[in-house]
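The values are calculated or read from the model by the stated rules, or taken from the named source; none is laboratory data. Computed from a predicted model, the values in this text were never measured in an experiment. Cβ: placed from backbone, ideal geometry, glycine included. Neighbour counts: every protein chain shown. Keep in mind that these areas ignore ligands, DNA and RNA; they rest on the heavy atoms of the full protein, side chains included. Shrake-Rupley method; radii C 1.70, N 1.55, O 1.52, S 1.80 Å.
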Amino acid sequence: MKRALAQRVQVKVEGTVQGVGFRPFVYRLARELELSGWVTNTRSGVLIEAEGDAGGIESFLRRLKENAPASAMVESMNTSSIPVVDEECFSIAMSEETGQRALVIPPDLATCFDCRRELFDSHDRRFRYPFITCTQCGPRYSFLTAVPYERSNTTIAEFKLCPACRAEYETEADRRFHAEPIACSTCGPRLSLWDEQGNETATGEKALQQAAGLLKQGLIVAVKGLGGFQLWVDAGSEEAVRRLRACKQRRDKPFAVLFPSVDAVRNYCVLSSEEETLLRSPRAPIVLVRKRRDAALADAVATGNPYLGVMLPTTPLHHLLMASLRRPMVATSGNRSEEPIVTDEREALVRLKDIADAFLAHDRSIARPVDDSVVLVVDGTPNRNDRGEADKPKLEVMILRRARGYVPQAIRWSDGPADGTQGPILAVGGHLKNTVAVLRENRVVLSQHLGDLSTVEADRAFRQAVMDLQQVLQVTPRAIACDLHPDYRSTGFAHELAATLSIPLVSVQHHHAHVASCMAEHRLDDDVLGIAWDGAGYGEGGQVWGGEFLVASCRQFTRFASLRPFRLLGGEAAMKEPIRSAAALLWELMGEAMSEHQFPSWKVSHGQREKYASVVKSGIASPWTTSMGRLFDAVASLAGLCRETSFEGQAAMAVQFAAEQGMETRGGGEDGYPMDLVPSGHPGIQWVLDWRPMMSTMLDDLRRTSRPELAAARFHVGLAEGAVRVAQAAGLPRVVLTGGCFQSRLLLSLVRHRLEAAGFTVYSHSLVPPNDGGLSLGQAVIAAHRLNGVW
């Protein structure tokens, strides 16, 4: 007999709602509210039917959104009323496997509170078990071998559940109901410690304690983590950190530091509530935070850097090790410089030979390398009150490296329906900080950060990632998108694969892809002014672009303005020697007089100046460029802040840190160095933002005061003011900020605030990196627009 006044609703939920305990959450909520019905996984998300009185249904729908598991992400929830069927109870139904599978796979999740509590509870059966997990935490993407996401399609499938684990797995009310990675010391993976030759020296608890002992002695231990090996060393030992740098061939690039707890982080860093929330979140990325001046860490961890990349333990093994060590540890990617991260212990013995003194490994395989994500908290778009006045700017998260915890979460780039007309499109990204992506319908899935494709090993890992993403998502591309640059390894691969599959190839200009990636994040389509500032990108006609102002949609663009061009002395050599960019700018300012020019902060011999003057005059291997990154290099050299670099962005970082120091000293309010906006006089571009007045004034300052921090501050402000002048000339209300230069918190803040003060609506990145790690998203979306209606 049907209950009086009962209602029944059907709820379709899309987003990251599988593999994150969403069905058990729905089950427990419905039982609490005395509702009947069922919940099931579908190929596009979760489907729910719930029946009960009006108050219960209303509360159920509200709490579905408000109280969803922290690791879930509800993108959409569509509710409709359906006839009452008068069921007696609520249940979890078998999964529905009809229809097209959505591009949704859960990311790897940091150890949850409940599992941490059990891990250190001596009465719990998983006490000190390094692989404890549940529906709210543990490996997901890193150990998935196929879809759908279920135990048989993971690398833990070879470990058969013991009766106790099986009972948890099959009990609907248990928090480990259908927790695919679960195991225990009876039936699960085992920890072991190996010496440099691969001999097993200890297992289980003894392996863990011996590894901790080696680390306390200042030795380097390769630790097999969630998505690959990490190299650990005591962050307080100058000798140990310097030895790791030498062995890893990583001269200057900062190391990330793993801390035992948030309280420990506070002893070394200034931590905001937003940064603490990120550290404690299920994604648990590396967060760049301000370092305390008295932080007692080895200087070699991050020499000359006022920021520190900090992280908390993300796996049970990390928690156990850090509970024994109780000190900060460098925990950096397990690889040599420029190589992909190592995932297999036998491979680690070869590739990490002469780096690691021991290997803390286990026998659960890693399906694909997934590095740690890196994020930064930045100023976002301010909220506005009823009178349209801007309130205090809200804070947003900028992703600098998108990997563990974020990948492969799909990005919805369009509000349009999934009508079967779009994709699949494969986008292969750029050459540096490479990612690849698959677009199907209104979603795009990006791969994990793959790194620079400068080595044979990296190229092999890139090709494997392309095949892997297609396999996991069960798609075959109907088109491929790539960068315009003919010499990128990714471009060459795209041409090969497109020819093999006989499918269209869409070549996308580098900076247009940057702009489109940010537009896709915010689901923009109509024209915007895209300010794309980075080190280098292949422009039309083969020129090296990098200081671009594009009037762009997701289909096409015009080059509205750029920096005034200058020579890239020696081509790629200029990217590692800032002095070359400085010499190129001085030549544009002074001509032959450059060789006689001297001032205190630019310590360059007369012979060197003559040599660079000769290179400029010859023009040999010195293409024209509009690179903002190289302009930063020039300022770093002229101000005496950086003579040579060993990693991308090093000189620009030095200028940023000096500028921040200058602004703190003076309390802000510096006048920017002037830049002129002048007609280009060339077809294909209307305006040129001329840096010559800026450089002339800066050189006068440096001659007078030799205060590089004040020059750096005025340089940043001048760039922001120049951006406003171009935006006013373009006359478009919406402005997008993108490209690697906008990884700088200072530059992003200055440009954003001045544009907003001038009345513009400003968009920046929060879902993908502003650097080349976001290119594949832009490429995919541009290709989708260009091919729409062609298929």
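Only strands (runs of 3 or more DSSP E) wholly contained in segment 276-391 count here; list those with 3 or more residues that are farther than 23 Å from residue 208 by Cα. Can you show your working first?
On the way: elements: 286-291, 307-311, 329-333, 358-362, 374-379.
Of the strands (runs of 3 or more DSSP E) lying wholly inside segment 276-391, those with at least 3 residues that are farther than 23 Å from residue 208 by Cα span 286-291, 307-311, 374-379.
Identify all residues within segment 612-640 that are open to solvent by less than 30 Å² (accessible area, probe 1.4 Å) and assigned to a loop (DSSP other than H, G, I, E, B); write none if there are none. So that I can check it myself, show each step before the final result.
Of the residues in segment 612-640, the ones open to solvent by less than 30 Å² (accessible area, probe 1.4 Å) are 612-613, 616, 619, 622, 625-639.
619, 622, 626, 627, 639, listed by residue number.
Looking at residue 529, is it more than 21 Å from the chain's Cα centre (by Cα), open to solvent by less than 20 Å² (accessible area, probe 1.4 Å), over 16 Å from residue 776 (Cβ atoms) and modelled with pLDDT of 95 or more?
Yes, satisfied.
Working only within segment 471-506, note down all residues that are of a type in the set (Gly, Ala, Ser) and in contact with a helix residue (DSSP H, G or I) (Cβ under 8 Å, 6 or more places away or on another chain).
From segment 471-506, those of a type in the set (Gly, Ala, Ser) are 479, 481, 490, 492, 494, 498-499, 502; that's our starting set.
Scanning segment 471-506 gives 479, 481, 490.
Each row is one residue, and each column tells you yes or no for (1) among the small types (Gly, Ala, Ser); (2) part of a strand (DSSP E or B); (3) closer than 22 Å to residue 689 by Cα.
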| position | (1), (2), (3) |
| --- | --- |
| 728 | no, no, yes |
| 736 | no, yes, yes |
| 756 | no, no, yes |
| 776 | yes, no, no |
| 781 | no, no, no |
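So which residues in segment 188-219 are among the small types (Gly, Ala, Ser) and touching a residue at least 12 places away in the same chain (Cβ under 8 Å)? Steps first, please.
First, the residues of segment 188-219 that are among the small types (Gly, Ala, Ser): 188, 192, 198, 202, 204, 207, 211-213, 218.
188, 192, 198, 204, 207, 211, 212, 218, listed by residue number.
Suppose we filter segment 588-608 for residues that are assigned to a helix (DSSP H, G or I), open to solvent by 10 Å² or more (accessible area, probe 1.4 Å) and either over 30 Å from residue 738 (Cβ atoms) or basic (Lys, Arg) (or both); how many remain? Even if it seems obvious, please write down each step before you answer.
Filtering segment 588-608 for residues assigned to a helix (DSSP H, G or I) gives 588-596, 606-608.
Imposing the further condition that a residue be open to solvent by 10 Å² or more (accessible area, probe 1.4 Å) reduces the set to 588-593, 595-596, 606-608.
Applying the additional criterion that residues be either over 30 Å from residue 738 (Cβ atoms) or basic (Lys, Arg) (or both) yields 590-593, 595-596, 606-608.
Residues that pass the stated criteria total 9.
Return the only residue of 250, 242 being assigned to a helix (DSSP H, G or I), open to solvent by 20 Å² or more (accessible area, probe 1.4 Å) and touching a residue at least 24 places away in the same chain (Cβ under 8 Å). Break it down stepwise before answering.
Details: 250 fails: assigned to a helix (DSSP H, G or I).
It is 242.
List, please: which pairs have Cβ atoms under 8 Å, are six or more places apart or on different chains, and start with a residue in segment 120-146 that is free of Cβ contacts under 8 Å to residues at least 60 places away in the same chain and more than 15 Å from residue 168 (Cβ to Cβ) and end with one that is of a type outside the set (Asp, Glu) and open to solvent by 10 Å² or more (accessible area, probe 1.4 Å)?
Pairs found: 121/127; 127/120.
Report, by residue number, each residue of segment 1-44 that is closer than 12 Å to residue 77 by Cβ and surrounded by 23 or more Cβ atoms within 10 Å (Cβ to Cβ). First the steps, then the outcome.
Initially, segment 1-44 is screened for residues closer than 12 Å to residue 77 by Cβ, giving 9-15, 17, 22, 26.
Across segment 1-44, the qualifying residues are 13, 17, 22, 26.
Pick out, from segment 117-224, the strands (runs of 3 or more DSSP E) lying fully within it that include 2 or more residues that are at pLDDT 95 or above and either within 23 Å of residue 107 (Cα to Cα) or among the aliphatic types (A, V, I, L, M) (or both).
Details: elements: 191-194, 200-203, 221-224.
Fully inside segment 117-224 and qualifying: 191-194, 221-224.
Would you please list the contacts, defined by Cβ atoms under 7 Å and residues six or more apart or on different chains, that run from a residue in segment 61-86 that is within 11 Å of residue 11 (Cβ to Cβ) and modelled with pLDDT of 90 or more to a residue that is of a type in the set (Ser, Thr, Tyr) and open to solvent by 50 Å² or more (accessible area, probe 1.4 Å)?
Partner pairs satisfying both residue conditions: 61/79.
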